Amino acid sequence: MADNKILPLVLSAAVFFISASVLCAQEEAEPLQPGYHIDYSGGEAKFIQRLMWDKDQYALYYEIEIQIYKETYTDYYYQIVKEEYINLSLPPGQYRYSITAFDLLERRGETSEWMEFRVIAAYQPGINRIVPESFYMDQMTERILHISGSNIFEESVIYLRDQEKYIFPVEKIYVNTSRIRLVFDDERLVPGNYNIIIENPGGLVFSYDGFFIGYKKPLDVFIKMSFNPAIPVYGDLKDMFGPKLYLPCIGLSIEAISSKRTFFNAGMEFAASVYVLSPVTALRFNMQEIYDSYSNIGKGMAFVDFDMNVALQKRFNKIRNMITFRIGGGVSLLANTGGSGVNEAAAHANAGISALFLLFDIMHIETGVDFSYYIGSSTFALIKPKVSIVWKK
């Protein structure tokens, strides 16, 4: 055998099972490639270290010696193997090892220098409780997950995982080994059922099942009380009264919009609005003939709109602000408010845009403008600026 000197060893992390929650991991003076695995065959986690070295083509077998330090180094482990590796499980402590190759004639070769390494304790993480148990994407709230458990460290890697996706926190707030808070980016949340994974230094892993990200309800419902006066901009009303006329209006609407996060959220709006032309309004615009006729009955004229519109909503600032586009139509009923009943019915088409802003909690304010085109015995168009108080359910 020309030269049976052992080449530099490749030593990787080693650990040994101590109890259900404490294990040991090897720490080298210089970084080495990982070469260990965890054996769960006995029902509990056990680290298996693999010690490897370069093959000598003339070596028949190898002699491995391991010593442990207790005030001085003493013999701890000895074995002869034919392979270029050995699997070990070592308890915590300071160690050193050497390798000797024997050639084909079973002659002892040169022994490698002693190489020192240290085995340190590794801990099994655990989770006892999480708050909250779900992130609802249709709720405005901070995405902070509170975890209570055991053996949780600042160095622990914690994330959410399902079959295809991984979601990592943007911040970890470490309290102690039994408590940690994780802050997630709301924009990165993806619906699904997730496991909470904790990976501790040394490779021990804990998985907590049943964390849900999704929607609490399929629809967001907006209930609105509006003041939306009508101003004629085209047709018979404008020709009759001019552009300065406005008809005061009170409206009530219910808007149901999909809560799922998309580029645009679609839904429907159902609305009813009451417009009044009173004697006072007629007198103000010098409509003496109308005023006289209203004075005879002591009342005025009104029309009621019933609308059904398709709504497309764009959401911003974590659903605190929204812009809504609407298009649709409805029917109008013109009536004498003195009680003589419905005088006329007409159809109309609508288009509108509005912006909604959060005030506090579920209360919003909305401003916008609608355009309606009426077709009946008279044809006219109205612009309807509006201000609404909105409750979101």
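Using a Förster distance of 22 angstrom, determine the FRET efficiency expected from the C-beta separation of Thr367 and Val221, and round it to 0.05.
Result of the calculation: an efficiency of 0.65.
Test of understanding: what is the full-extension gain from Asp75 to Val276, defined as 0.36 nm times their sequence separation minus their Cα-Cα distance?
62.1 nm
For a Förster distance of 25 Å, can you work out the FRET efficiency between the beta-carbons of Arg161 and Ser41, rounded to the nearest 0.05?
In this case the efficiency is close to 0.55.
Which ³J(HN,Hα) values in Hz, rounded to whole numbers, follow from the phi angles of the stretch 327-332 under the Karplus curve 6.51 cos²θ - 1.76 cosθ + 1.60, where θ = phi - 60° and Gly and Pro get x?
Couplings: 8, x, x, x, 10, 10 Hz.
Can you tell me the length gained on complete extension of the stretch Tyr174 to Gln139, counting 0.36 nm per residue apart and subtracting the Cα distance?
Using 0.36 nm per residue and subtracting the Cα-Cα distance, I get 10.0 nm.
What's the center-to-center distance, using Cα atoms, between the stretch 120-187 and the stretch 346-363 in Å?
39
Towards the positive end of the charge dipole of the stretch 86-129, with charges on Cβ (+1 Lys, Arg; -1 Asp, Glu), say which of Ile86, Ala122, Thr111 has the farthest Cα.
The Cα lying farthest towards the positive end belongs to Ala122.
Among the lysines, select those whose C-alpha is under 30 Å from the C-alpha of Lys238, and discard any that sit fewer than 8 residues away in the same chain.
Reachable lysines: Lys224, Lys299, Lys384, Lys386.
Run the 1.4 Å probe and let me know the accessible area of Tyr40, rounded to the nearest 10 Å².
Tyr40 exposes around 120 Å² with every protein chain in place.
The values are calculated or read from the model by the stated rules, or taken from the named source; none is laboratory data. If you're wondering where the values come from, they're calculated on a predicted model, not measured in any experiment. Reconstructed Cβ throughout: ideal geometry from the backbone, glycine too, with neighbour counts over all protein chains shown. These area figures cover heavy atoms from the full protein model, side chains too; ligands, DNA and RNA do not enter into them. Shrake-Rupley method; radii C 1.70, N 1.55, O 1.52, S 1.80 Å.
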